[in-house]
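Every number in this text was worked out from the coordinates using simple rules, so none of it is lab data. Here the structure is a predicted model, which is why all the values come from computation and not from measurement. Don't worry about glycine lacking a Cβ; one is built from the backbone with ideal geometry, like all the others, and counts go over all protein chains shown.
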Amino acid sequence: MTRSEKAALFRKLASERILVKDGPYGSMIQSYKLDEDGFRAGRSFNMDQKGNNDLLNLTRPDVVSEICQAYVDAGADLLATNSFNANRISQADYGIQTMAKEIATAAARVIRGVVDAAMAKNPAKPLFVVGALGPTNKTLSISPDVNNPGYRAVSFEEMRDTYREQIDGLLDGGADFIAVETVFDSLNAKAALVACAEAGEARGEEIPVMCSFTLTDMAGRNLSGQTVEAFWNSVRHARPLTMGMNCSFGATELHPYVGDIQSRADTLICVYPNAGLPNDMGAYDEPPEMTGRLVGVWARNGWINVVGGCCGTTPAHIAAIAQSVAGVNPRQIPKLGARLRLAGMEAANF
């Protein structure tokens, strides 16, 4: 089945029931309490690798596959790759930027293996592998130097090429879709979308892409200043398979923004919130039952097509979410009238 055919199947399923996305890898990996040797697994590196979760796709694929399997068992339909930082810019912090594509390819292969095995056991339930792109640790819209507002630590072309390498690796490894997620800088996301389009053109296919915005304050904007609707206006030309939000806050804080964007985006809505707000120690205390109950409200309101978990959520949270949306009708994509839809910091529709 081609990626376009898988995207068509995904849309069909999302029109019949609310699909469930998995949870995070970062906080789950922390529960393994790996030390430096645990991350290296006998391999030699010039810099410390503890905390480099993406490297585990190569050194400890058993850990990654075990986490993925737990999400499959919890009822997830979409399984994301452990590749949030599998790019040259982020891996430069660990001195292994030349391994970025290798890591991305391995990330997709690990999840592909778990997903294919699960579908072999239960062919009646299609599962999808989503290649995850994080925002990197650099921003195209904001200067890191307060004394030089025109300075940028990276160019658009460098960001595009960084994403292109990661996307090629994920596609080579077997990803069905690409997710441009946790978008704190809209221009970074634009670079990722250009890279995805170029990767598809080189392969002679259209790569299905998902877009997910992240709020950085309760005013409903990301770090580069855009509102959720303005971001949608900025990326809708790419015809994303899904539009939505992730990370940011918990379901309580995201509630009004989910209600708003679901009426403005003429594509599937995918939201995966944190397990509430972090406590003073940076941990998340929201129990699975509460997360399930909160996202269940979105489902009954007819706001969502896909829902999952981000920071602090676990397979137990995903299971609670799957239970809360089971049997609830999915959101119907609205038919919007023809308008000129522009965006600066805010949306401008004429």
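Of the residues ASN279, ASN147, ASN246, which exhibits the maximal mean-square fluctuation in a Gaussian network model of the chain defined by a 10 Å Cα contact cut-off?
For the chain, modelled as a Gaussian network with Cα springs under 10 Å, the answer is ASN147.
How far apart, in nanometres, would the label points at LEU277 and LYS12 be if each is projected 7 angstrom from Cα along the Cα-to-Cβ direction?
Inter-label distance under the simple model: 4.5 nm.
Residues of region 1-37 with backbone nitrogen within less than 16 Å of a virtual label 7 Å along the Cα-to-Cβ line of GLU66, please, listed as ranges.
Correct set: 25-37.
Helix hunt in the chain: which complete DSSP H runs extend at least 27 Å axially by C-alpha with mean Kyte-Doolittle at least -0.5? All intermediate terms of the calculation are to be shown ahead of the outcome.
Values: long enough: 100-121 (32 Å, 0.59).
Those that pass (Cα extent of 27 Å or more, hydropathy at least -0.5) are 100-121.
Counting each DSSP H run of 4 or more residues in the chain as -39500 (n - 2.57), what helix-only mean residue ellipticity at 222 nm follows after dividing by all residues, to the nearest 500 deg cm²/dmol? Please list the in-between numbers first.
On the way: 13 runs with 147 residues, N = 350.
Value at 222 nm, helices only: -13000 deg cm²/dmol.
Cut-off 10 angstrom, C-alpha nodes, Gaussian network model of the chain. Which of ALA251, ALA238, ALA100 fluctuates the most?
In this elastic network of the chain, the residue with the biggest mean-square fluctuation among ALA251, ALA238, ALA100 is ALA238.
Compute the length gained on full extension between ARG339 and ALA153: take 0.36 nm times their separation in residues and subtract their Cα-Cα distance, giving the result in nm to one decimal.
Working: separation 186, 0.36 × 186 = 66.96 nm, distance 3.63 nm.
My answer for the length gained is 63.3 nm.
Rank the residues TYR32, TYR94, TYR163 as a footprinting-exposure proxy: fewest other Cβ atoms within 10 Å of their Cβ go first.
Numbers: TYR32 12, TYR94 20, TYR163 27.
The most exposed by this proxy come first: TYR32, TYR94, TYR163.
Mind running the shape call on region 223-347? Use the C-alpha gyration tensor, a ≥ b ≥ c as the square roots of the eigenvalues: rounded below 1.5 for a/c, prolate if a/b tops b/c, oblate otherwise.
Numbers: a/c = 2.64, a/b = 1.47, b/c = 1.80.
Oblate is the answer for region 223-347, as a/c is 1.5 or above yet b/c matches or exceeds a/b.
Within region 3-349, how many lysine pairs that are 8 or more places apart, or on different chains, have C-alpha atoms less than 20 Å apart?
Going through region 3-349 pair by pair, I get 12.
Putting +1 on Lys and Arg Cβ atoms and -1 on Asp and Glu Cβ atoms, find which of ILE103, ALA179, MET28 reaches farthest to the positive end of the dipole of region 3-349.
Checked the options; the winner is ALA179.
Report the residues of region 52-76 in range of a label on SER31: point 7 Å along Cα→C-beta, backbone N strictly under 15 Å from it.
Output list for this probe position: 63-76.
What's the extension gain from ASP217 to ASN46 if we count 0.36 nm per residue and subtract their Cα-Cα distance?
Values: separation 171, 0.36 × 171 = 61.56 nm, distance 3.79 nm.
Going from the current span to full extension adds 57.8 nm.
With each pseudo-label sitting 7 Å past Cα toward Cβ, what's the VAL328-ALA117 distance in nm, one decimal?
3.2
Let me know the Kirkwood hydrodynamic radius for region 69-203, please, with Cα pairs as the basis and the value in Å to one decimal. It would help to have the intermediate numbers written out before the result.
Details: mean 1/r = 0.0642 Å⁻¹.
15.6 Å is the Kirkwood radius here.
Quote the charge dipole size of region 3-349 about the Cα centre in Debye, to the nearest 20; the model charges only the Cβ of Lys and Arg (+1) and of Asp and Glu (-1). Display every interim value, and only then the final one.
On the way: 33 positive and 39 negative charges, 210 e Å.
Computed charge dipole of region 3-349: roughly 1000 debye.
For PHE350 and GLU201, compute 0.36 nm times the residue count separating them, minus their Cα-Cα distance, and round to one decimal in nm.
Details: separation 149, 0.36 × 149 = 53.64 nm, distance 3.22 nm.
Extending this stretch completely gives an extra 50.4 nm.
Counting Lys and Arg as +1 and Asp and Glu as -1, what is the net charge of the other residues whose Cβ lies under 14 Å from the Cβ of MET345?
Details: positive: ARG221; negative: ASP185, ASP217, GLU229, GLU346.
Value of the local net charge: -3.
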